[in-house]
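These notes concern the structure reproduced below.
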Amino acid sequence: MKILLHSEHLEKIKKSGLGKSIQHQMRALEIAGIDFTTDSDDDFDLLHINTYFPKSMLFARKVREKSIPVVYHAHSTEEDFRDSFRFSNQIAPLFKQWLVQCYKLGDMIITPTSYSKKILDTYELDTEIVAISNGIDLDRFSPIDNAREKFLSQYDYAEDDFVVMAIGLYLKRKGILEFVELAKRMPDVKFIWFGFTDLSLVPDEIEEAVETELPNLYFAGYVDNQDILLALQGSDLFIFPTHEETEGIPAIEACASKADFIVSDIPVFDDWLIDGETTYKAKDIDEFEHKIRAFKNKELPSLTEAAYQVALDRDLPAIGEQLREVYEQAYRLAQDRKI
């Protein structure tokens, strides 16, 4: 069975979490020995589609009409579309309607977590939905020699600086407003944000936040994966003050990097990140501040070894085999649909 991994506008989305998850799919299929192509002009036996742009939807419909199995990967929901770009909240209900039309084209639907599956179950898609993590390529997360020293040197920090990092696009949903507020509250802590979004696409309050000038706040912009790994291993603490996720790849990367981290106490993390066991959770900005200070004062123990098991469970070899099972089931369902 040959799989077509179809992703429209890949060059534009490659820096996002969606782009990273598509890269993980490719690597997972390689490891599992599953034949695949990314060229829609190639012959293929099953379509695994990751995007929901108009051409993607039309392509999925055309493929389905030929009785070729379709697996639609539900990376997005109405809920995680909100608080993102300009006017996203106003058009979110229409976005949901569009997603429903797209996802209904799948013989099977994959989504990253049981939480996002619960959301999609309310969309009345009448299609089986399977939760499969976006995964992590643990081979990429080997320890970097002298990571702390290299990180401090690269960003001009002093040895005794306490550095808190975050990763994400410049979106309200990612908690960027809270991150800037934390920097204002804690001038004795250094804050660095990795990620970038064109400011013309975001609301004014986000643009103002990114342009905030504080001696302890720095926006590093988009950097490559190796620099993210260096930061996770070289900084003192990673925080993820996100409001909503379908999974949250940065949290898995923190586990793989054996980084201490704090995440928002939101439902998506309920069943795989345990407060006080594999990570620490914060319900609001005050709790983030309290726990950051506790880390700085060495009042909270490290949980990195327990967190690493979370990454092990999501290593790409396991993901590849889970994808194989979905493909085989989708193929059987498409055969029944053909009859």
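The values are calculated or read from the model by the stated rules, or taken from the named source; none is laboratory data. All figures in this text were calculated on a predicted structure; none of them were measured in a lab. In this analysis, Cβ positions are derived from the backbone assuming ideal geometry, glycine residues included, and neighbour counts consider all displayed protein chains. The protein model used for the area step is the full one, side chains on, heavy atoms only, and it has no ligands, DNA or RNA in it. Shrake-Rupley method; radii C 1.70, N 1.55, O 1.52, S 1.80 Å.
Side notes on the structure shown:
- The packing ranking of peptides 123-134, 253-264, 140-151, highest mean first, is 253-264, 123-134, 140-151, where packing means the average number of other beta carbon atoms within 10 angstrom of each residue.
- Hypothetical label at residue 62: residues of the range 92-106 whose amide nitrogen lies under 19 Å (7 Å Cα-Cβ projection): 102-106
- In nm, spacing of pseudo-spin labels at residue 139 and residue 298 (7 Å Cα→C-beta vector): 3.9
- Ranking 206, 300, 125 by Cα position along the charge dipole of the chain, where only Lys, Arg, Asp and Glu carry charges on their C-beta atoms, puts 125 farthest toward the positive end.
- Using the 1.4 Å probe convention, the accessible area of the chain works out to 45 Å² per residue with neighbouring protein chains retained.
- Segment residue 226-residue 313, length gained on full extension (0.36 nm per residue, minus Cα span): 29.1 nm
- Mean separation of Cα contacts under 8 Å, 6 or more apart, over the residue count of the chain: relative contact order %: 19
- Within a straight-line Cα-Cα reach of under 12 Å, residue 55 can be paired with the following aspartates and glutamates, leaving aside sequence neighbours fewer than 8 residues apart in one chain: 8.
- Only Cα pairs under 8 Å and 6+ residues apart enter the sum, and on that basis the relative contact order of the range 134-286 stands at 27 percent.
- Set against the 2.2 N^0.38 Å expectation for a compact globular protein, the chain has a Cα radius of gyration ratio of 1.02.
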